[in-house]
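Heads up: the structure comes next, in structure tokens.
The values are calculated or read from the model by the stated rules, or taken from the named source; none is laboratory data. Given the structure is predicted, the values throughout are model-derived calculations rather than measurements. Methodologically, a virtual Cβ is constructed for each residue, glycine included, from the backbone with ideal geometry; neighbour enumeration extends over all protein chains shown. For the accessible areas, the whole protein counts, side chains as well, though only heavy atoms, and no ligand, DNA or RNA atoms are used. Shrake-Rupley method; radii C 1.70, N 1.55, O 1.52, S 1.80 Å.
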Amino acid sequence: MKITSQLFLSTFAFILVSCFNTEIIAQKNNKIKVFTTAENTNWKLSLSNDLISNNTQKKATVSIVIDAEKTDQTFLGIGGAITDASAEVFAKLSPKKQQEFLNAYYDKNKGIGYTLARTNIHSCDFSSDSYTYVSEGDKELKTFNIDHDRKYRIPLIKKAIETAGGKLTLFVSPWSPPAFMKDNNDILHGGVLLPEFAPAWALYYTKFIKEYEKEGIPIWGLTVQNEPMAKQSWESCIYTPEAERDFLKNHLGPTLEKEGLGSKNVIIWDHNRGDMLTKRANLVFSDPTVSKYAWGIGFHWYETWNGGPPQFESVAEVHKAFPNKNLLFTEGCNEKFDASKYQFWGNAERYGINMTNDFNNGTVGWTDWNILLDQKGGPNHVGNFCFAPIHADTTKDELIYTPMYYYIGHFSKFIRPNAKRVLETISDKSLLSTSFKNSDGQLITVVMNQSEKEIVYSLESQTQKTTITIPAHAIQTIVK
């Protein structure tokens, strides 16, 4: 009987210790981290767990409820475009500032961990001049070479890949075929691809991809044409929906396969949200003979150029209609550069609004425009100067970090490739929120407050409820 009692007491003590240890582990695993960036404060992606409330007197006015068991799209990545302009500005920085810049974007510990990139096939507006990779009139592409890119752009892309840990998901985009291939005989000002040059133009993409890969730069995918419905003063080319479909179906898709590049991911449209986004998707994705060549559809945010609202509903419509195709944000920036507005908070909030809504409507990845511009918002050979998240004052060898950089970082630093978006409900539109679960099980929620007042909200999951204060004009990332 004594032995039995001792055994019972020992067993009971063991259970108590085990339960206590399990509780400690559970508490440890349930601990969260809150990172905050807020206007008129020193918080810039700053750990700010003091904003977690243990005071029962502080009542939440908004609730965000996460259902971690319900997921949607798989996350591809976040990044920006490595243009000629970015590379030329980068080359003017001292080695110390160059390394600081690379770490700021591509090191996931020291910076915001970009994993996605875009670059241009020959010149775009953010080049110092117009150029192609062939001599004018060379239909056979015998003179094709990428020597132009070896001076600035290729070295920067290689350094970005190295800093990112040896892998960067890179897609490429043309702004225009060479002038001799177009009906207006001009690389600028729109125009259309002449039918007799469609085979040569399709081959041009493959030559570019192969030359870059010879340089040790893997190309993940490509878009058919940047902004195919925009006649611009810079490099541009018009494709009707039917023209883009037929070029992909009859030339680009088959040529990629013939040249051993059939595994590259082809993105159609690469222009604004709205009715044209849904029209292009319907035309291409509903046709099995051309849909097989298309990984997905890309879009920009410039439908707001004339003051209209972002048309996020078109993104949701495409995601619902074609759940097996992918939506990728391929370009966006704040236009009309003004150096006095480097720290203008509204520029950053535009990013937060668009990224949150795009992800909540099924977008798999998000690509900013230029990663770096100079103190004039360029270089740009037609004077189309814009903002970037980081600018360089090349006269002072200084880097200027704008609020946009930190807002993007609240997503890119914490949401990692192959994460799954997690469904959530939010009780009040005073906050914006999106959630992802990383492949290691880590739950990431990004919350944004555009209002003039701080807001107390509760973040709820099946196992935990936390009350957090978000300051006015702020963005937070909660890591669980």
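See the values below:
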| read-out | value |
| --- | --- |
| Residue in the range 333-341 that is touching a helix residue (DSSP H, G or I) at 6+ places or on another chain (Cβ under 9 Å), over 20 Å from S86 (Cα atoms) and among the polar types (S, T, N, Q) present | no |
| Subset of the range 291-310 (residues that are more than 21 Å from S173 (Cα to Cα) and open to solvent by 60 Å² or more (accessible area, probe 1.4 Å)) | W305, N306, G307, P309 |
| Residue in the range 350-368 that is in a strand (DSSP E or B), β-branched (V, I, T), in contact with a helix residue (DSSP H, G or I) (Cβ under 9 Å, 6 or more places away or on another chain) and over 23 Å from L277 (Cβ atoms) present | no |
| Some residue of the range 328-342 being within 21 Å of A38 (Cβ to Cβ) and not polar (S, T, N, Q) | yes |
| Pair list, Cβ under 8 Å, 6 or more apart: the range 209-234 residue without any contact (Cβ under 8 Å) to a residue 12 or more places away in the chain, other residue among the β-branched types (V, I, T) and outside any loop (DSSP other than H, G, I, E, B) | none |
| Residue pairs meeting the criteria (Cβ under 6 Å; at least 6 apart or on separate chains; first of a type in the set (S, T, Y), in the range 262-289; second surrounded by fewer than 24 Cβ atoms within 10 Å (Cβ to Cβ) and not in a strand (DSSP E or B)) | T278/S314; T278/E317 |
| Hits in the range 73-89 - residues which are within 13 Å of R118 (Cβ to Cβ) and open to solvent by 10 Å² or more (accessible area, probe 1.4 Å) | L76 |
| Hits in the range 382-405 (condition: open to solvent by 40 Å² or more (accessible area, probe 1.4 Å), touching a helix residue (DSSP H, G or I) at 6+ places or on another chain (Cβ under 9 Å) and not polar (S, T, N, Q)) | D397, E398, Y401 |
| Matching residues in the range 36-51 - criterion: being farther than 17 Å from A104 by Cα and surrounded by 14 or more Cβ atoms within 10 Å (Cβ to Cβ) | T36, A38, E39, T41, S48, L51 |
| Selected residue (criterion: nearest to K110 (Cα to Cα)) from residues of the range 389-408 that are in contact with a Ser or Thr (Cβ under 8 Å, 6 or more places away or on another chain) and not charged (D, E, K, R) | Y406 |
| Wholly within the range 431-480, strands (runs of 3 or more DSSP E) carrying at least 1 residues that are touching a helix residue (DSSP H, G or I) at 6+ places or on another chain (Cβ under 8 Å) and open to solvent by less than 20 Å² (accessible area, probe 1.4 Å) | 431-437, 443-449, 465-470, 474-479 |
| Unmet requirement for D338, which otherwise passes all of (1) crowded, with 17+ Cβ neighbours inside 10 Å; (2) more than 25 Å from C237 (Cβ to Cβ) | (1) |
| Output for the range 54-85, where each listed residue is in a strand (DSSP E or B) and of a type in the set (K, R) | K70 |
| Exclusive hit being open to solvent by less than 10 Å² (accessible area, probe 1.4 Å) and more than 30 Å from V284 (Cα to Cα), set G362, G332, G346, G378 | G378 |
| Conditions (1) among the hydrophobic types (A, V, I, L, M, F, W, C); (2) crowded, with 21+ Cβ neighbours inside 10 Å; (3) outside any helix (DSSP H, G or I); number of the one not met by L248 | (3) |
| Within the range 409-428, considering residues that are part of a loop (DSSP other than H, G, I, E, B) and either without any contact (Cβ under 8 Å) to a residue 24 or more places away in the chain or not β-branched (V, I, T) (or both), the one nearest to I478 (Cα to Cα) | F414 |
| Qualifying residue in the range 329-349 (condition: within 17 Å of N418 (Cα to Cα) and within 9 Å of the chain's Cα centre (by Cα)) | yes |
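Let's see how each residue does on (1) at pLDDT below 95; (2) in contact with a Lys or Arg (Cβ under 7 Å, 6 or more places away or on another chain):
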residue	(1), (2)
F247	no, no
L256	no, yes
D275	no, no
V284	no, yes
K292	no, no
G298	no, no
W305	yes, no
